[in-house]
Every structure is written in C-alpha cells, then in structure tokens.
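Here the structure comes first, spelled out in structure tokens, and everything after it is commentary.
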Amino acid sequence: MMHNLDFLIDMCKRGRRMNLAVACPYGDDVLGAVCEAHKLGLINGLLIGNPKNIRAKAEEHGFDLAGLSLIEEKDDYSATEKAVQMVSSGDADLLMKGLIKTATLLHAVLNKEWGLRTGSLLSHLFLFEIPLLQKRVIGISDGGMNMYPDLNAKVAIVENAVKCYHKIGVSNPLIAALGAVEVVNPDMPATLHAAALTQMNRRGQITGCSLDGPFALDNAVSIEAAQIKGIDSPVAGHADMLLVPSIEAGNMIGKVLLYMTGGRGAGVILGAKKPIVLTSRFDSMETKLLSIALGAVVASKD
Ligand code: COD
C-alpha cells in the first residue's frame, strides 16, 4: 500500500529525465514547481510563451531558470498550440497547463489535426494522500475532464486508470464504483452502472483490477463502515481508487481532501498520446510538483 505520494518523486528520479512542455507558465506555483522539478532532475522544462513574462515571474519569486528552455510564442493560443504540437511530434514527452483556461488547453489537446487524440477516451486521474486514513493514497476519476460519463465512458476511465496504476507499481488496484448507497437502486443510475461494471470485471470484460460497487463513500474507504454494513468484498474499506459518477462528485471530493483535510495530490490526464499535467490554479506548488512527477513516471513507461 502506498502511504504517501513521495514515492512518485523517487520513481521519477530513477527513470530517464522527461521533456516537459509547459504552455504559458506565468503562474507562481506552476513556474516554481517546474523549476523545482528541473532542479531535482525529474524533467527538462520547455517553457512556452512570452519570455519576458516568464523571466519577470522568476525574478519576482527567486526561481532559477538555469537549464530551462524558453520558447517564444506571440500569445496564449499559439503557446498552447506549440506546446501540444511539441508533445504530438515527440519533441516533448508530456504536457502541462500553465496560466490558461482548462478548456483552452483541452480543446487544443482534442484538435483533430495536431492534437493528442489516440482514439481512446481521455480522462483525469487525481491521486490524494489522506492523512486521516493512516496516510493512504486514494485515486479519484474522473473529477477533471468527463462531465457525466455513460457506462462506456466509465469503462474507458477505469481502463486508463488501471494502466496508470500498473505503471506506478500497483498490479491489481482495488476500484470502488461509487454511488450514494451500497445497494442497487433502479432510480439511481450510478448504482446501475456500478453493478454492471462489477459484473464486467467478474466476467473478464474489465481486467487488471478488482472492481466492485455500488459503494457509498464511507464503505469504500472505511473498514469499520464496511463491517457495520456487512459488506463482503475485497474492495470494501480498502479502495485504491474511487470511480465517481460525475465531474462534480470527483471535483468536490478532491477539493475537500486538498483544502479541508490538508492532503496533497497529484493529477494527470490519461488516454492521450502522452500524459497531460492538469492542476487547478489554486493547487499548491507541492501538488503541482507531485503532478509533474506522476506525469513523468507515466510518460517514461509508455
Ligand atoms: N476524450 C476523447 N475525446 C473527447 C473527449 C474525451 N474525454 N471529450 C470530447 N472529446 C472529443 C469528442 O469526441 C469530439 O470529437 C470533440 O472532442 C468535441 O467534443 P464535445 O463537443 O463533446 O466537447 P467540447 O469540445 O464541448 O468539450 C470537451 C471538454 C473536454 C473541453 C469538456 O468536456 C470540458 O470542458 N470538460 C471539463 C473540463 C473542466 O472544466 N475541468 C475542470 C476541472 S480542472
């Protein structure tokens, strides 16, 4: 079991240094995290945008740009396009969002001519350290990209996550398909999806993990809650990943963990040609650094 997310930094240090293309790295925390990741030897940073802005931010915060490459583009759109194209062409190994809107970056990523589509669904996975649960790491998907996934999309979300878990050394992740209750209720579509996904896992249609559900959040992560409800499942109380029914559910659980429990996180978009580091503007520099490490580990094992 992973106790915290520092293993990502260690894993990353053991691999080849990945080339990270960052579109518009003008936010303090993004630039700080990229400089730190570069200093730690995790990545080579390719900073794409307005060099004057980048240098001014670095000077303001005392960040060292030595060894980082600055690539000039006239505006945010061309910087985003350039960053995506560098990843698409293989000049960079992974992409990171700087100070631009999430939708701007995702639209560029999904561009049919020069984007990072593979034919699979792209989905977001966020790993969190949970100090209150004996320092466990729990993943959530998808709280960042797919808004209201149908059953097919949920299968793809699970498949993306399973590949990622394998790459970070979890050979059989325990995945809890969440609803509001732990029984199938025909009026709650999330419970019907959870039951179908469970059966698909049992029949070998979804492999590489143990998936069960529906679970309510408490009996997915708390052994005591699972025992009180009498749920007999290897996933109950031990979930490595929570498959959430909507972007709101995933995003809110994630933000509670980060901002109300003092947890740290690492988030990345999977299923594209290369991983995409997508954190939110208010995430801490540490969460951004851990996200870079997660993306670099995934990229290095492609
Ligand atoms: N994977 C692969 N292809 C996709 C995906 C996906 N997840 N989503 C859309 N596409 C493809 C479609 O097949 C289509 O070809 C094209 O992209 C446009 O699809 P639309 O019209 O359904 O989608 P858009 O362009 O309106 O929006 C796609 C976004 C990913 C931008 C949208 O789903 C979105 O805004 N998601 C939420 C992102 C967000 O705000 N996150 C906040 C937390 S950080």
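The values are calculated or read from the model by the stated rules, or taken from the named source; none is laboratory data. Just so it is clear, the model here is predicted, and its values are computed rather than measured. Don't worry about glycine lacking a Cβ; one is built from the backbone with ideal geometry, like all the others, and counts go over all protein chains shown.
Considering (1) within 16 Å of residue 295 (Cβ to Cβ); (2) among the aliphatic types (A, V, I, L, M); (3) touching a helix residue (DSSP H, G or I) at 6+ places or on another chain (Cβ under 6 Å), the lone condition that residue 31 does not fulfil carries the number (1).
In the condition set (1) farther than 29 Å from residue 168 by Cα; (2) surrounded by fewer than 23 Cβ atoms within 10 Å (Cβ to Cβ); (3) in contact with a strand residue (DSSP E or B) (Cβ under 7 Å, 6 or more places away or on another chain), residue 17 is compliant with all but (1).
Set side by side, the residues 124, 38 differ, and just one is surrounded by 15 or more Cβ atoms within 10 Å (Cβ to Cβ), closer than 23 Å to residue 160 by Cα and touching a strand residue (DSSP E or B) at 6+ places or on another chain (Cβ under 9 Å), which is 124. If you go through the stretch 240-262 and keep only what is buried (at least 21 other Cβ atoms within 10 Å of the Cβ) and among the acidic types (Asp, Glu), you end up with just 240.
Screening the candidates 95, 116, 99 for the property of being part of a loop (DSSP other than H, G, I, E, B), in contact with a Lys or Arg (Cβ under 7 Å, 6 or more places away or on another chain) and more than 23 Å from residue 248 (Cβ to Cβ) yields one hit, 116. Find the residue count for the stretch 181-220, including only residues that are more than 18 Å from residue 155 (Cα to Cα) and surrounded by 22 or more Cβ atoms within 10 Å (Cβ to Cβ). Count: 3. Within the stretch 70-90, being loosely packed, with under 13 Cβ neighbours inside 10 Å and either among the β-branched types (Val, Ile, Thr) or at negative phi (or both) holds for 74, 75, 89.
Of the residues in the stretch 106-118, how many are hydrophobic (A, V, I, L, M, F, W, C) and more than 9 Å from the ligand (Cβ to nearest atom)? Selection size over the stretch 106-118: 3. So which of 58, 83, 79 is within 20 Å of residue 286 (Cβ to Cβ) and part of a helix (DSSP H, G or I)? Every option except 58 fails the conditions.
When residue 101 is tested against the conditions (1) surrounded by fewer than 20 Cβ atoms within 10 Å (Cβ to Cβ); (2) within 13 Å of the ligand (Cβ to nearest atom); (3) at pLDDT 95 or above, the lone failure is (3).
Examine the stretch 138-150 for a residue that is crowded, with 17+ Cβ neighbours inside 10 Å and over 14 Å from residue 244 (Cα atoms), and state whether such a residue exists. Scanning the stretch 138-150, I find no residue that is crowded, with 17+ Cβ neighbours inside 10 Å and over 14 Å from residue 244 (Cα atoms), so the answer is no.
Among the residues of the stretch 152-193, count how many are in contact (Cβ under 8 Å) with a residue 24 or more places away in the chain, among the aliphatic types (A, V, I, L, M), part of a helix (DSSP H, G or I) and more than 16 Å from the ligand (Cβ to nearest atom). Of the residues in that region, 2 qualify. Filtering the stretch 119-151 to residues that are part of a loop (DSSP other than H, G, I, E, B) and within 9 Å of the ligand (Cβ to nearest atom) leaves 119, 120, 121, 122, 142, 143, 144, 145, 146, 147, 149.
Just to be sure before I move on: is residue 2 assigned to a loop (DSSP other than H, G, I, E, B) and of a type in the set (A, V, I, L, M, F, W, C) in the structure I sent? Before you say what the answer is, go through the steps one by one.
Working: assigned to a loop (DSSP other than H, G, I, E, B): yes; of a type in the set (A, V, I, L, M, F, W, C): yes.
Yes: the conditions hold for residue 2.
Taking the criterion of being over 21 Å from residue 166 (Cβ atoms), touching a residue at least 24 places away in the same chain (Cβ under 8 Å), surrounded by 24 or more Cβ atoms within 10 Å (Cβ to Cβ) and of a type in the set (Lys, Arg), would at least one residue in the stretch 279-290 satisfy it? Among the residues of the stretch 279-290, at least one is over 21 Å from residue 166 (Cβ atoms), touching a residue at least 24 places away in the same chain (Cβ under 8 Å), surrounded by 24 or more Cβ atoms within 10 Å (Cβ to Cβ) and of a type in the set (Lys, Arg), which makes the answer yes. The residues on offer are 153, 177, 103, and the sole one that is touching a helix residue (DSSP H, G or I) at 6+ places or on another chain (Cβ under 9 Å) and among the small types (Gly, Ala, Ser) is 177. Taking the criterion of being within 14 Å of the ligand (Cβ to nearest atom) and out of contact with any Phe, Trp or Tyr (no Cβ under 7 Å at 6 or more places or on another chain), the residues of the stretch 225-257 that qualify are 244, 247, 248, 249, 250, 251, 252, 253, 255.
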